[in-house]
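Here is the structure we will look at, set down as structure tokens.
The values are calculated or read from the model by the stated rules, or taken from the named source; none is laboratory data. Computed from a predicted model, the values in this text were never measured in an experiment. A quick note on method: Cβ atoms are made from the backbone with ideal geometry, for glycine too, and the neighbour counts reach across all protein chains shown. Ligands, DNA and RNA are excluded from the accessible area calculation, which covers all protein heavy atoms including side chains. Shrake-Rupley method; radii C 1.70, N 1.55, O 1.52, S 1.80 Å.
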Amino acid sequence: MFHTVITGLLMMFVLPLAAAEKIDSAIGTGRPVNNGDFGSANSVNIGQPFGVEVGPRGAMYITEVENHRVIKYLPKTGKVRTVAGNGKKGLTRDGGLAIEAALNEPYEVRFAANGDMYFVEMKNHMVRKVDAKTQIISTVAGTGERGLSGDDGPAINARLNNPHSITLDNKGNLYIADIGNHRIRKVDLVSGMIQSIAGNDQRLLPQDGQLAKGNSILGPRALFYRDNILWIALREGHSVWKLDFSDGRLWHIAGTGAKGYSGDGDSPIKATFDGPKGIVVDKQGRILVVDTENHAIRRIDLVQNKIVTVAGNGVAGFSGDGGLAVEATMSRPHGIGIDLRGRIYVGDTNNHVIRVFKAPK
């Protein structure tokens with residue numbers, strides 16, 4: 001059973017790495033075919049891992065797109081087990097145990113302070129919740145049908161379009177990257193109501209400093225919340241932005257908006273990305289972006305006004321375990337998470353493993 005307080009327990013998380021500065025494949029075998037729901041981390045296959053998150057008691061949670069499951073990894077035992085999804089593609093409605101439910105491409109997972117688990121199902125166009133005490137699954141947003149509707153009404157009656165990312169704030173709100181609708185939606189988890197807080201029908205890059213509500217945002221793919229700021233990676237927009245809730249405006253952080261792989265060592269605004277699909281902020285306030293189609297992890301330092309690559313050499317492949325992270329090859333990585341020790345976890349999607357490394361200071 002999950003504990004109700006997460007933060008202090010994360011310090012218990014110890015990941016088996018040969019050396020902190022090296023990269024390793026800690027979870028998964030490199031094979032995608034479902035070969036069971038329980039076992040050692042290096043024997044259970046994980047098919048196309050996307051979202052990666054550290055949750056209650058320091059456990060690691062992974063969304064497995066190919067096998068339609070959410071996996072939990074316990075570092076003390078080195079074991080993995082399924083906590084949501086029966087391995088079959090489908091849609092099982094509310095009220096049953098999460099492990100018995102059919103899911104359809106879970107993309108990202110997050111936790112509330114009380115241990116409740118939230119995840120987004122991209123192909124079911126929904127956000128689901130697993131109750132920490134009962135392990136019962138329920139719907140938070142989406143009807144299961146693709147579309148755009150429902151603003152200012154109950155989120156469970158709203159239609160979403162291929163939602164990809166979610167994040168929670170500390171005020172009882174859930175944010176959804178409704179990428180097919182080029183919008184960011186907010187759900188008040190107390191009232192259950194949904195609204196669009198960014199985006200419109202125009203598929204255009206935002207303008208720096210413009211109000212988010214009612215104005216365009218191009219392909220919001222990944223979200224991360226901290227300290228009243230929503231950090232956003234735009235997939236089609238090949239750039240990084242922040243929505244500052246103190247003024248409701250979008251501010252340009254990195255990327256020119258053009259597709260490419262350039263800019264390391266220079267100002268983040270001058271850099272180019274190719275379809276970024278993951279974002280997280282470390283304890284130092286630096287933004288880490290999964291530059292998916294460049295098979296690399298980039299780090300943005302706003303104090304130094306510099307962007308660098310911290311993992312991946314820009315070439316698709318599967319190599320480098322035991323060596324420096326910047327010399328390794330990955331294949332279309334997606335999700336990213338950081339534990340309180342500063343270790344970075346990446347869903348190396350097409351390699352069907354979780355890569356782990358510690359970025360240089």
Task: In order through the range 288-297: 3J(HN,Hα) via Karplus (6.51 cos²θ - 1.76 cosθ + 1.60), integer Hz, x for Gly, Pro - done: 9, 10, 7, 8, 4, 6, 9, 6, 8, 10
Open item on the list: Sequence gap at least 6, Cα distance under 8 Å: using those rules, report the relative contact order of the range 120-198 to the nearest whole percent.
Closed with: 24
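Ignoring any ligand, DNA or RNA, what whole percent of the accessible area of the chain comes from carbon and sulfur when the probe is 1.4 angstrom?
The nonpolar share, carbon plus sulfur, comes to 50 percent.
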Open item on the list: Given axes a ≥ b ≥ c from the Cα gyration tensor, I'd like to know whether the range 213-361 is rounded (a/c under 1.5), prolate (a/b larger than b/c) or oblate.
Closed with: prolate
TODO: Grab the other residues whose beta carbon is less than 12 angstrom from that of TYR345, score K and R as +1, D and E as -1, and report the net.
DONE: 0
Task: Estimated dipole of the range 134-202 in Debye, rounded to 20 [Cβ of Lys and Arg +1, of Asp and Glu -1, Cα centre] - done: 100
Task: Exposure rank, largest accessible area first [ARG203, ARG183, ARG226, ARG31; 1.4 Å] - done: ARG203, ARG31, ARG226, ARG183
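Could you size up the charge dipole of the range 88-216 around its Cα centre, putting +1 on the beta carbon of Lys and Arg and -1 on that of Asp and Glu, and report it in debye to the nearest 20?
180
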Task: Theoretical gain in end-to-end length, LYS213 to MET193 [0.36 nm per residue, Cα-Cα removed] - done: 5.6 nm
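Find the accessible area per residue for the range 321-361; the probe is 1.4 Å, ligands and nucleic acids are left out, and the unit is Å².
Details: 1320 Å² over 41 residues.
Accessible area per residue: 32 Å².
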Task: Prolate/oblate/rounded call for the range 39-116, Cα gyration tensor, a/c under 1.5 rounded - done: oblate
Open item on the list: About the Cα centre, and with charges only on the beta carbon of Lys, Arg (+1) and Asp, Glu (-1), how big is the dipole of the chain? Nearest 20 debye, please.
Closed with: 420
Task: Stretch gain in nm, segment LEU324-ASP131, where the contour uses 0.36 nm per residue and the Cα spacing is subtracted - done: 65.5 nm
- [ ] Compute the FRET efficiency between ALA316 and ASN157 as 1/(1 + (r/R0)^6), taking r as their Cβ-Cβ distance and R0 = 35 Å, and round to the nearest 0.05.
- [x] 0.25
Open item on the list: Please give me the summed charge of the neighbours of THR272: other residues whose Cβ is under 12 Å from its Cβ, Lys and Arg +1, Asp and Glu -1.
Closed with: -2
Open item on the list: Can you divide the C-alpha Rg of the range 83-238 by 2.2 N^0.38 Å and report the result to two decimal places?
Closed with: 0.99
TODO: Apply the Karplus parameterisation 6.51 cos²θ - 1.76 cosθ + 1.60, with θ equal to phi minus 60°, to every residue of the range 69-76 and state each ³J(HN,Hα) to the nearest whole Hz, in sequence, with x for glycine and proline.
DONE: 9, 10, 10, 10, 10, 9, x, 5
TODO: Grab the alpha carbons of the chain, take their convex hull, and tell me the volume per residue in Å³.
DONE: 116
TODO: For LYS123, list the lysines whose Cα falls under 30 Å from its own Cα; do not include residues on the same chain fewer than 8 positions away.
DONE: LYS72, LYS79, LYS88, LYS89, LYS133, LYS171, LYS186, LYS213, LYS242, LYS259, LYS277
- [ ] Can you tell me what the convex hull of the Cα atoms of the range 262-336 projects to on average, as an area in nm²?
- [x] 4.7
- [ ] Sort ASP152, ASP37 from largest to smallest accessible area, using a 1.4 Å probe on the heavy atoms of the protein chains.
- [x] ASP152, ASP37
TODO: For the range 79-175, just the Cα atoms, rotate onto the principal axes and tell me the three extents in Å, largest first.
DONE: 41, 31, 22
